[in-house]
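Before any comments, here is the structure.
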Amino acid sequence: MERLFDFFDTSDFELILRIVWQALNVNQSLQIADDRTRVAYQHVRDCLIQTVREIHPAHDVVSEHLPRIYEFLKSFDTVLSLNYDLLLYWSVTYRLDIDDDGHAFDDGHAFKDCFIGGRFDDNWQRFRQPIKQERSTTLVFYPHGSLILCRDRIEQEAKIHSRGAGPLGAILERWKSEQVVPLSVSEGTAEQKMASIQSSYYLSTVYREVLPSARESLVIYGWGFGEYDLHLLRRMKQSGIRRVAVSVLNNDQAYCTRTAQILRDELGPATQVKFFDCQSAGCWNHAAPEA
């Protein structure tokens, strides 16, 4: 298996899975017997499934945090998540569940990922407009993909549908079916990540249009500013960002100094940078102060 990663000069697990899967599909369509390719594909797929099962938290483990995360995210008109897990998905959809009286929660706020019927609508700007009883809207995007997203044999991209605690099981079953593979950008150099982004219509649209869309303020929570992810900041420079707030753990001054320099290097020397405690009341899953 290491020969595959060496041959394609990558550490991107999902990329290797997709390459081997495509080879398997070609062989099947041409009725070419090739057990080695099938074994390789199943091995990579099963390793990925096992890894997700081992490290991804169950819905009931994180469910108590979802209301607070939901309230925090409502503060923003756009949310971009670099995590592949389902925590954001569960947080922004938890109010769609039905309460004990059979009524859906409705607070007048809508989270929209611009997918309709499982397909991405590239006229994403229109989703900012409120519909029905909506009073406010937050658009949600995944610049590096997500477990909830996939692509099929002809490279059509979709969102896997299932509410509540169901998505993780539904995702793994779809992978097992050999009908789809994950849509995500895994580990690798900046060049390899950009190649993966450009190979996806959804990811490239987010990169080309959403990241540089006009905004003056940016809040960054829980991002380590790795060298291979700075292409995102460079793309966002076109937004006209003037102020950036960044979360910090334990008042880490070395992190603050390094991060402030990176932000001014990438967004411009006049960029105002402020830091806030990631465990502040009302921040992410930390309880807000009582009124």
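The values are calculated or read from the model by the stated rules, or taken from the named source; none is laboratory data. None of these values were measured; they are calculated from a predicted model. Heads up, the Cβs are rebuilt from the backbone with ideal geometry, glycines too, and the neighbour counts pull from every protein chain shown.
Of all residues in segment 186-218, those being crowded, with 16+ Cβ neighbours inside 10 Å and assigned to a strand (DSSP E or B) number 1. Of all residues being assigned to a helix (DSSP H, G or I) and in contact with a Leu (Cβ under 9 Å, 6 or more places away or on another chain) in segment 235-264, which is farthest from TYR142 (Cα to Cα)? Just the residue, please. Applying the filter and picking the extreme gives TYR255. Is it the case that segment 133-153 has a residue that's basic (Lys, Arg), surrounded by 13 or more Cβ atoms within 10 Å (Cβ to Cβ) and over 21 Å from the mean Cα position of the chain (by Cα)? Yes, the conditions are met somewhere in segment 133-153. Among residues that are in contact with a Phe, Trp or Tyr (Cβ under 9 Å, 6 or more places away or on another chain) and within 29 Å of THR189 (Cα to Cα), LEU4 is not included.
Is one or more of the residues making up segment 50-66 surrounded by 18 or more Cβ atoms within 10 Å (Cβ to Cβ), in contact with a Phe, Trp or Tyr (Cβ under 6 Å, 6 or more places away or on another chain) and either of a type in the set (Lys, Arg) or within 25 Å of PRO130 (Cα to Cα) (or both)? Taking every residue of segment 50-66 in turn, at least one turns out to be surrounded by 18 or more Cβ atoms within 10 Å (Cβ to Cβ), in contact with a Phe, Trp or Tyr (Cβ under 6 Å, 6 or more places away or on another chain) and either of a type in the set (Lys, Arg) or within 25 Å of PRO130 (Cα to Cα) (or both).
Restrict the check to segment 109-122 and report whether at least one residue is within 30 Å of GLU209 (Cα to Cα), small (Gly, Ala, Ser) and free of Cβ contacts under 8 Å to residues at least 24 places away in the same chain. The answer is yes, given that some residue of segment 109-122 is within 30 Å of GLU209 (Cα to Cα), small (Gly, Ala, Ser) and free of Cβ contacts under 8 Å to residues at least 24 places away in the same chain. Which of the residues spanning segment 52-82 are part of a loop (DSSP other than H, G, I, E, B) and either over 22 Å from ALA288 (Cβ atoms) or not assigned by TED's automatic domain parsing to the domain that holds GLY108 (or both)? Once the filter is applied, which keeps residues that are part of a loop (DSSP other than H, G, I, E, B) and either over 22 Å from ALA288 (Cβ atoms) or not assigned by TED's automatic domain parsing to the domain that holds GLY108 (or both), segment 52-82 yields HIS56, PRO57, ALA58, LEU82. Remark: GLY268 falls outside the filter, which requires a residue to be within 20 Å of the chain's Cα centre (by Cα) and exposed (fewer than 15 other Cβ atoms within 10 Å of the Cβ). Restricting attention to segment 49-89, the residues that are among the aliphatic types (A, V, I, L, M), at pLDDT 90 or above and within 16 Å of the chain's Cα centre (by Cα) total 8. Taking every residue in segment 261-285 that is free of Cβ contacts under 8 Å to residues at least 60 places away in the same chain and under 20 Å from LEU73 (Cα atoms) and pairing it with any residue that is in a loop (DSSP other than H, G, I, E, B) and of a type in the set (Ser, Thr, Tyr), at least 6 positions away or on another chain, the pairs with Cβ-Cβ distances below 8 Å are CYS278/TYR221.
The residues of segment 202-237 that are under 15 Å from the mean Cα position of the chain (by Cα) and either modelled with pLDDT under 90 or of a type outside the set (Gly, Ala, Ser) (or both), listed by number, are TYR202, LEU203, THR205, VAL206, TYR207, VAL210, LEU211, ILE220, TYR221, TRP223, ASP229, LEU232. Take ARG95 and tell me if it is at pLDDT below 85 and in a helix (DSSP H, G or I). Yes: the conditions hold for ARG95.
Let's see how each residue does on (1) of a type in the set (Gly, Ala, Ser); (2) in contact with a strand residue (DSSP E or B) (Cβ under 6 Å, 6 or more places away or on another chain); (3) under 23 Å from TYR89 (Cα atoms):
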{"residue": "ALA170", "(1), (2), (3)": "yes, no, yes"}
{"residue": "GLU178", "(1), (2), (3)": "no, no, no"}
{"residue": "VAL185", "(1), (2), (3)": "no, yes, yes"}
{"residue": "GLY226", "(1), (2), (3)": "yes, no, no"}
{"residue": "LEU232", "(1), (2), (3)": "no, no, yes"}
{"residue": "VAL244", "(1), (2), (3)": "no, yes, no"}
{"residue": "ASN250", "(1), (2), (3)": "no, no, no"}
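Applying the condition of being over 16 Å from SER75 (Cα atoms) and either of a type in the set (Phe, Trp, Tyr) or not in a loop (DSSP other than H, G, I, E, B) (or both) to segment 100-109 and asking which residue is modelled with the highest pLDDT yields PHE105. Residue pairs whose Cβ atoms lie under 8 Å apart, separated by 6 or more positions or on different chains, with the first residue in segment 201-216 and of a type in the set (Lys, Arg) and the second assigned to a loop (DSSP other than H, G, I, E, B) and loosely packed, with under 15 Cβ neighbours inside 10 Å, are ARG215/GLY240.
Filtered by the rule that a residue be more than 24 Å from LYS176 (Cα to Cα) and among the charged types (D, E, K, R), segment 37-92 gives GLU64, ARG68, GLU71, LYS74, ASP77.
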